[in-house]
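Visitor: Sharing a structure below in structure tokens format, with a few things to ask.
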Amino acid sequence: MIKAFYYLLLRDMRLALRSRHELANPLIFFVLVVTLFPLAVMPTPERLQEMAPGVIWVAALLSVLLSLDRLFKLDYEDGSLDQLMLSPNPLVILVLAKVFAHWLLTGLPLVIIAPLLGVFMQLQTESLNVLIWSLLLGTPVLSLIGAIGVSLTVAVNRGGVLLSLIVLPLYIPVLIFGANAIDVASDGMSVRGQLYFLGAVLVLALSLAPLATAIALRITASR
Amino acid sequence: MNGSEFSWSEFFAMGGYAFFVWTSYGIALVVILLNIVMPMIERKKVISRVKRAIRREQLQQ
Amino acid sequence: MWNWIHKFSSPKYFYDMSAKLVPWFAIPALLIGVYGLYLGLFVAPTDYQQGESYRIIFIHVPAAWMSLFIYMVMATSAAIGLIWQIRLADVVAAASAPIGASFTFLALVTGSLWGKPMWGTYWVWDARLTSELILLFLYFGYMALQSSIEDQRQADKASGLLAIVGVVNIPIIHYSVEWWNTLHQGATVAKFDKPSMHIDMLIPLLLMALAFKLFYAAVVLVRARNEALYRDRNRRWVRELIEKI
């Protein structure tokens, strides 16, 4: 079972790395969107600093949303999803492997490049630390919850907007606490509560989301 | 009841908040009516649709 | 008892039975609603702080309660449909969604209209209104998913799962929004929390809540009948029934 997990994880990563240019897209999107905001307003340091946590978080959210499609769509179309569902290994484990791969390929790069964007948005250096932590705890949750949405809409033609409609409301708690953590860090206050909340949501998502995703796949993708 | 004498004009004025109060109640009424009327329309649509299907099958026979 | 459940969960039996049930909900809903409105508009005293505008709560609060209540019913029926494969449960869930969405919309509009005289703007990002808005999106997501999957069974199961995921998330969302809201409250008192309730205000409020619940029961029965009819439109019992109409 653990072998299947690693095998699937490596397989997904290898496949994704073959089309490396596609992988860069969410990352470029992330940077682009954040760049739009200083261009759209008067880029005074105070104003940018105020907007920074929210802007960076929303941009990260949207980037993950856009990249969710690759989670199951390709496998659904070429039949590998059917094979996965027929496997003797529990579907929950396989789903977990795919979501982990997705996060490593999408979420983690966002976390790594976020400090640069923090600098763009004039965030103070103390907040950059919290920025990384909040995204580190939050982006896996985005991938996990997103997986539920993708599995529900995988068989729907052009289900992209539907996916957003389903998933974005569920993202809101993570957004609230993630952005707020960075906000209060700028004021020098403790962010423990916020990070604990994000951690708790992460644990909850880790335990429930793959299960819901597996069930959803059996509903929508069994042929 | 309210104060010394009940006046209809005072009632409708709702202490100056007439627009807010009556629009709220008005929209509530609309929502309730829609919830009554829409299912009735739906039912007619379903019935006519099935009738058309029956007729189509009869013609094919 | 299982016999009874299986009999009742047959759409045809439900269709016949529900026709008789509807008046038992509709008429009390109307009577209690009218009485509640009478008490709320004529008998309840003027509020010390808010004047007459507070009377909106007799619509706003019950509507908000209904929006949540209906979502719970929806999610519960969906769970029953998923776990025990009872088709009637799926029908009830699908029939409930638009009603719940309309109550959510009503809560939002009345909340907005209540907010303007109180706080000066038509929209306030307070905890309740924001939660209601997110709830509306959850309803829309459910309805959108339902209508985008062609196979009825699949659509029911998929949107049912979504409803269950939504139900798990509602407390989390609610807590997050409450918490987020307290950050922006500052010194002002929480805005839409129930004012300390005079009994003359509480009674019409509860009566309206009851009236709305009964109204929902009547409407969901009617809509569920339509759903049952539509879903079984190729079955004999529907064909025979409609030929007589």
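The values are calculated or read from the model by the stated rules, or taken from the named source; none is laboratory data. Just so it is clear, the model here is predicted, and its values are computed rather than measured. When we count neighbours, we look across all protein chains shown, and the Cβ atoms used for this are built from the backbone with ideal geometry, even at glycine.
Visitor: Suppose we filter B:M40, B:M1, B:M14 for residues that are at pLDDT below 90, part of a helix (DSSP H, G or I) and either within 23 Å of the chain's Cα centre (by Cα) or of a type in the set (A, V, I, L, M) (or both); which single one remains?
Guide: After applying the criteria, what remains is B:M14.
Visitor: Would you mention how many residues in the stretch C:18-50 are hydroxyl-bearing (S, T, Y), closer than 26 Å to B:S9 by Cα and not in a loop (DSSP other than H, G, I, E, B)?
Guide: 2
Visitor: Going by the structure shown, is C:F25 crowded, with 17+ Cβ neighbours inside 10 Å, more than 10 Å from chain B (Cβ to nearest Cβ) and more than 21 Å from the chain's Cα centre (by Cα)?
Guide: Criteria not met by C:F25.
Visitor: Follow-up question, since we're still on this one. Return the residues of the stretch C:28-40 that are over 22 Å from the mean Cα position of the chain (by Cα) and buried (at least 17 other Cβ atoms within 10 Å of the Cβ); say none if nothing qualifies.
Guide: Selection gives C:L39 alone.
Visitor: Could you list all residues from the stretch A:142-177 that are under 18 Å from A:R192 (Cα atoms) and either in contact (Cβ under 8 Å) with a residue 12 or more places away in the chain or of a type in the set (D, E) (or both)?
Guide: A:P173, A:V174, A:L175, A:F177, listed by residue number.
Visitor: In the stretch C:162-173, which residues are without any contact (Cβ under 8 Å) to a residue 60 or more places away in the chain and closer than 13 Å to C:A75 by Cα?
Guide: Listed by number, the residues that qualify are C:L162, C:V165, C:V168, C:N169.
Visitor: What tally of residues in the stretch C:218-245 results from selecting those that are more than 7 Å from every other protein chain (Cβ to nearest Cβ) and either crowded, with 18+ Cβ neighbours inside 10 Å or charged (D, E, K, R) (or both)?
Guide: Matching residues across the stretch C:218-245 total 13.
Visitor: Name the one entry in A:I215, A:I132 that is β-branched (V, I, T), over 30 Å from A:M51 (Cβ atoms) and modelled with pLDDT of 95 or more.
Guide: None of the other options fit; the residue is A:I215.
Visitor: Quick check on my filter: what residues within the stretch A:150-161 are part of a helix (DSSP H, G or I) and surrounded by fewer than 20 Cβ atoms within 10 Å (Cβ to Cβ)?
Guide: Residues satisfying the conditions are A:G160, A:V161.
Let's see how each residue does on (1) more than 9 Å from every other protein chain (Cβ to nearest Cβ); (2) in contact with a Gly (Cβ under 6 Å, 6 or more places away or on another chain); (3) at pLDDT 95 or above:
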residue	(1), (2), (3)
A:G160	yes, no, no
A:I166	no, yes, yes
A:P169	no, no, yes
A:D183	no, no, no
A:S190	yes, no, no
A:G199	yes, no, yes
A:L202	yes, no, yes
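Visitor: Can we say C:V91 is within 30 Å of C:D232 (Cα to Cα), in contact with an Asp or Glu (Cβ under 6 Å, 6 or more places away or on another chain) and of a type outside the set (D, E, K, R)?
Guide: Here the answer is yes, as C:V91 does meet what is asked.
Visitor: Now a separate question. Quick test for you: out of A:E22, A:E50, pick the one residue that is part of a helix (DSSP H, G or I) and either surrounded by fewer than 15 Cβ atoms within 10 Å (Cβ to Cβ) or touching an Asp or Glu at 6+ places or on another chain (Cβ under 8 Å) (or both).
Guide: The conditions single out A:E22.
Visitor: Okay, moving on. If I ask for residues that are in contact with a strand residue (DSSP E or B) (Cβ under 8 Å, 6 or more places away or on another chain) and closer than 26 Å to C:A211 by Cα, which ones from the stretch B:15-54 would you list?
Guide: Selection gives B:Y17 alone.
Visitor: To continue, here is another question. Among the helices (runs of 4 or more DSSP H) contained in the stretch C:51-161, which hold 3 or more residues that are touching a residue at least 12 places away in the same chain (Cβ under 8 Å), closer than 21 Å to C:V219 by Cα and within 12 Å of chain B (Cβ to nearest Cβ)?
Guide: Per the criteria, C:57-84, C:87-119.
Visitor: From A:G107, A:G118, which residue is out of contact with any Ser or Thr (no Cβ under 6 Å at 6 or more places or on another chain), of a type outside the set (D, E, K, R) and crowded, with 20+ Cβ neighbours inside 10 Å?
Guide: Exactly one residue qualifies, and that residue is A:G118.
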